[in-house]
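Down below is the structure, laid out as structure tokens.
Just so it is clear, none of the values below were taken in a lab; they were calculated from the coordinates. Treat the numbers as computed from the prediction; the structure is a model and nothing was measured. Here Cβ is always computed from backbone atoms with ideal geometry, including for glycine, and neighbour counts include all displayed protein chains.
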Amino acid sequence: MSRVRRTYTREFKREAVRLLDSTGKPAARIEEDLGIGDGCLLRWKKQLVEEGEYAFPGHGRMTPEQERVRELERENLVLRQERDILKKAIAFFSHPKG
């Protein structure tokens, strides 16, 4: 039997963490009231504290660091391809004609 994985919007997660901080209720109670899984709220709070405005990027969105890594990986691939082409050209032209 497969379980359905629920997804929550960035705004929902931020609001849930705000409720935890402002109401003084225990996390388990808020999770029960909102119908979210056990431990989600504390994990969301930790992520929000660690990542700030970049927390909960959603599908397809990346942090600036992730975007930079992706950019560098693409550039690295192109440079490797160019290097391989140059190696083949050197090998081709360095053989004596005969």
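Quickly estimate the mean residue ellipticity at 222 nm for the chain, helices only: each DSSP H run with n ≥ 4 gives -39500 (n - 2.57), and the total goes over all residues, rounded to 500.
Numbers: 4 runs with 65 residues, N = 98.
Computed ellipticity for the chain at 222 nm equals -22000 deg cm²/dmol.
Using the 2.2 N^0.38 Å rule of thumb for compact globular proteins, work out how the range 7-59 stacks up: its C-alpha Rg over that value, please.
1.04
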Report task. Determine the relative contact order of the chain: mean sequence separation of Cα pairs under 8 Å and six or more apart, normalised by residue count, in whole percent. Result -> 19
Query raised in the report: Which FRET efficiency value, to the nearest 0.05, do you get for E65 and L19 by plugging their Cβ-Cβ distance into 1/(1 + (r/R0)^6) with R0 = 25 Å?
Result: 0.25
